[in-house]
Amino acid sequence: MPFKDTFNQLKGQLKDLQQGGQKMLSEYQSKHQSQSQSQSQPGYPGASQPQYQNQSQPQYQSQSQYQNQPPPIPHGTHPGADPGSGSGSGASPTIYWQPSFSPSTPVSASWEHKLGNNNGWGNNEIQQYTSEPSNSFHTHTHTDGDGQQQQKLILRAISQPSHPDPARKYTSARLVSRQRLSRARGSLVATLSLPCSLGVWPAFWLLPYEPFTWPTDGEVDVAETWNGDGVNHSCLHWGFFTPQDTGKHRVVGTPVQGMQTGRPVRFEFGWWQQVDEHGRQGQGRMVWWIDGRPVMKAPIPQGTRPMADFVVLLNIAMGGNVCQGQMPREGVYDMVVHEMKMLEEPENGGWQKFEMDWARAREGDRI
């Protein structure tokens with residue numbers, strides 16, 4: 001996220017939100033610990049994602065092995081059938097974009113790699129983004145516990161602070177979709193396993209295609225968590241950081257069970273924007289979901305870039321302001337993208353679901 005110096009003014013508020021969310025998560029986990037131990041989660045067989053912060057990982061020590069083939073498949077869980085699948089009409093929404101995760105397809109076919117450190121990306125981040133196959137790759141086809149064929153997109157952050165080359169100490173990937181939302185209304189869905197650890201900040205978010213002005217042209221954060229807190233931060237940034245624009249900057253922190261152990265979490269973002277007789281897009285509404293539950297809503301402000309102009313970003317940042325100066329331990333940290341797609345309407349209920357969830361979702365807290 002391209003936070004500028006103004007983000008430092010928000011850090012205290014976000015820290016309070018983070019601590020509150022962590023408290024909620026701890027209380028929830030304590031309350032349901034016995035239940036979770038006796039019941040396995042349906043659709044997620046196998047071992048949980050490894051916690052890299054307490055063990056060294058040999059994968060990054062021989063980078064040359066990645067030049068001709070992708071790195072090993074992460075030891076992550078696999079998403080099963082979607083709970084409550086099927087739209088209200090009984091038909092699945094039309095998919096108009098779904099990137100290929102086949103190993104025979106280069107990552108760059110669907111994604112642009114952003115490179116370098118860019119002066120800390122406005123947050124004093126420490127990672128160098130690369131286009132190397134050690135930092136972003138597609139897995140080979142394999143069969144999951146349900147007997148289904150699976151291919152994944154992996155973003156891998158590598159922390160090796162003792163490396164003699166400063167540019168190799170912290171490397172990661174930042175991907176920008178070549179596909180735009182390209183519609184005045186639709187839905188974006190991704191199933192992700194996010195790395196949760198001190199000093200690590202994975203994000204799944206939206207910006208207008210370049211060139212753009214931040215934050216006045218808009219930013220939508222669908223999934224992000226930092227310092228391993230197990231709390232997802234749904235955010236909206238639009239307009240200036242002034243009293244007049246406070247309603248355009250909103251956030252909701254949602255504790256997500258299983259996020260810290262690598263459970264695949266299903267994120268969805270739906271948008272509906274008005275279009276006049278001349279094709280100009282105006283105001284509208286947005287809803288964020290986690291595992292099918294609406295967690296935040298917000299209006300689309302006037303005078304901003306149309307939603308059709310927005311592109312998808314995936315990245316893993318390390319260190320910096322948002323991580324409150326925490327540094328990642330030596331090891332590798334994987335974001336596993338199990339699925340990514342753009343739809344003509346929201347999943348499991350279409351625009352009827354959108355209207356119902358708009359009525360009951362909360363607006364984000366002003367920041």
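The values are calculated or read from the model by the stated rules, or taken from the named source; none is laboratory data. Because the structure is predicted, anything quoted here is derived from the model rather than measured. In this analysis, Cβ positions are derived from the backbone assuming ideal geometry, glycine residues included, and neighbour counts consider all displayed protein chains. Only protein heavy atoms, including side chains, enter the accessible area calculation; ligands, DNA and RNA are left aside. Shrake-Rupley method; radii C 1.70, N 1.55, O 1.52, S 1.80 Å.
Quick check: anything in the stretch 291-299 modelled with pLDDT under 95, over 29 Å from ASN119 (Cβ atoms) and not β-branched (Val, Ile, Thr)?
Residues of the stretch 291-299 modelled with pLDDT under 95: 298-299.
Those left that are additionally over 29 Å from ASN119 (Cβ atoms): 298-299.
Narrowing the set further to residues that are not β-branched (Val, Ile, Thr) leaves 298-299.
Yes, because at least one residue in the stretch 291-299 is modelled with pLDDT under 95, over 29 Å from ASN119 (Cβ atoms) and not β-branched (Val, Ile, Thr).
Of all residues in the stretch 89-99, which are open to solvent by 40 Å² or more (accessible area, probe 1.4 Å) and either in a loop (DSSP other than H, G, I, E, B) or small (Gly, Ala, Ser) (or both)?
Listed by number, the residues that qualify are SER89, GLY90, ALA91, SER92, THR94, GLN98.
Report whether or not SER102 is loosely packed, with under 14 Cβ neighbours inside 10 Å, under 19 Å from the mean Cα position of the chain (by Cα) and hydroxyl-bearing (Ser, Thr, Tyr).
Working: loosely packed, with under 14 Cβ neighbours inside 10 Å: yes; under 19 Å from the mean Cα position of the chain (by Cα): no; hydroxyl-bearing (Ser, Thr, Tyr): yes.
Answer is no for this residue.
Just the residues that are of a type in the set (Asp, Glu), open to solvent by 40 Å² or more (accessible area, probe 1.4 Å) and touching a strand residue (DSSP E or B) at 6+ places or on another chain (Cβ under 7 Å), please, taken from the stretch 105-154. Break it down into steps so the answer makes sense when it comes.
Keep residues of the stretch 105-154 that are of a type in the set (Asp, Glu), which gives 112, 125, 132, 144, 146.
Still in the list and also open to solvent by 40 Å² or more (accessible area, probe 1.4 Å): 112, 132, 146.
Answer for the stretch 105-154, where residues must be of a type in the set (Asp, Glu), open to solvent by 40 Å² or more (accessible area, probe 1.4 Å) and touching a strand residue (DSSP E or B) at 6+ places or on another chain (Cβ under 7 Å): just GLU112.
Just checking, does the stretch 200-218 include any residue being closer than 21 Å to ILE316 by Cβ and of a type in the set (Ser, Thr, Tyr)?
The answer is no; no qualifying residue exists.
Exactly one condition in (1) closer than 26 Å to GLU268 by Cα; (2) part of a strand (DSSP E or B) is false for PRO195; which is it?
(2)
Any idea which residue in the stretch 286-322 is nearest to ARG366 (Cα to Cα), counting only those that are open to solvent by 50 Å² or more (accessible area, probe 1.4 Å) and part of a strand (DSSP E or B)?
The residue in question is PRO299.
Okay, residues lined up against (1) at pLDDT below 95; (2) among the β-branched types (Val, Ile, Thr):
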{"position": "GLN179", "(1), (2)": "no, no"}
{"position": "SER182", "(1), (2)": "no, no"}
{"position": "GLY186", "(1), (2)": "no, no"}
{"position": "VAL189", "(1), (2)": "no, yes"}
{"position": "SER197", "(1), (2)": "no, no"}
{"position": "VAL200", "(1), (2)": "no, yes"}
{"position": "PHE204", "(1), (2)": "no, no"}
{"position": "TRP214", "(1), (2)": "yes, no"}
{"position": "ASP217", "(1), (2)": "yes, no"}
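May I ask you to list the residues in the stretch 314-364 that are out of contact with any Pro (no Cβ under 7 Å at 6 or more places or on another chain), among the basic types (Lys, Arg) and over 21 Å from ASN135 (Cβ atoms)?
LYS341, ARG362, listed by residue number.
Would you mind telling me which numbered condition in (1) touching a Leu at 6+ places or on another chain (Cβ under 6 Å); (2) closer than 30 Å to GLY228 by Cα ALA308 fails?
Of the numbered conditions (1) touching a Leu at 6+ places or on another chain (Cβ under 6 Å); (2) closer than 30 Å to GLY228 by Cα, the odd one out for ALA308 is (2).
Do you know which of the residues in the stretch 355-366 that are among the charged types (D, E, K, R) and in a helix (DSSP H, G or I) is surrounded by the fewest Cβ atoms within 10 Å (Cβ to Cβ)? I'd like the intermediate steps shown before the answer.
Of the residues in the stretch 355-366, the ones among the charged types (D, E, K, R) are 355, 357, 360, 362-363, 365-366.
Narrowing the set further to residues that are in a helix (DSSP H, G or I) leaves 355, 357, 360.
Working: GLU355: 13, ASP357: 20, ARG360: 8.
Going through the qualifying residues, I end up with ARG360.
Across the stretch 220-277, what is the total count of residues that are in a loop (DSSP other than H, G, I, E, B) and not acidic (Asp, Glu)?
Here is the first cut: in the stretch 220-277, the ones in a loop (DSSP other than H, G, I, E, B) are 225-230, 238-242, 256-258, 262-264, 276-277.
Of the ones still in play, those that are also not acidic (Asp, Glu) are 225-228, 230, 238-242, 256-258, 262-264.
Going through the stretch 220-277 one residue at a time, the tally reaches 16.
Residue-wise test of (1) under 15 Å from ASP365 (Cα atoms); (2) in contact (Cβ under 8 Å) with a residue 12 or more places away in the chain; (3) in contact with a strand residue (DSSP E or B) (Cβ under 9 Å, 6 or more places away or on another chain).
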| position | (1), (2), (3) |
| --- | --- |
| ASN227 | no, yes, yes |
| SER234 | yes, yes, yes |
| GLY239 | no, yes, yes |
| THR242 | no, no, no |
| HIS249 | yes, yes, yes |
| THR254 | yes, yes, yes |
| GLY258 | no, yes, yes |
| GLY262 | no, yes, yes |
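Restricted to the stretch 170-217, and to residues that are surrounded by 20 or more Cβ atoms within 10 Å (Cβ to Cβ), small (Gly, Ala, Ser) and within 22 Å of GLU345 (Cβ to Cβ), which residue is nearest to the chain's Cα centre (by Cα)?
ALA190
Being in a strand (DSSP E or B), open to solvent by 10 Å² or more (accessible area, probe 1.4 Å) and in contact with a Gly (Cβ under 9 Å, 6 or more places away or on another chain) is the filter here; which residues of the stretch 337-354 pass it?
Here is the first cut: in the stretch 337-354, the ones in a strand (DSSP E or B) are 337-343.
Subset that is open to solvent by 10 Å² or more (accessible area, probe 1.4 Å): 338-339, 341.
Residue satisfying the conditions is HIS338 alone.
So THR246 clears everything in (1) surrounded by fewer than 19 Cβ atoms within 10 Å (Cβ to Cβ); (2) in contact with a His (Cβ under 7 Å, 6 or more places away or on another chain); (3) among the β-branched types (Val, Ile, Thr) except one condition, right? Which one?
All conditions are met except number (2).
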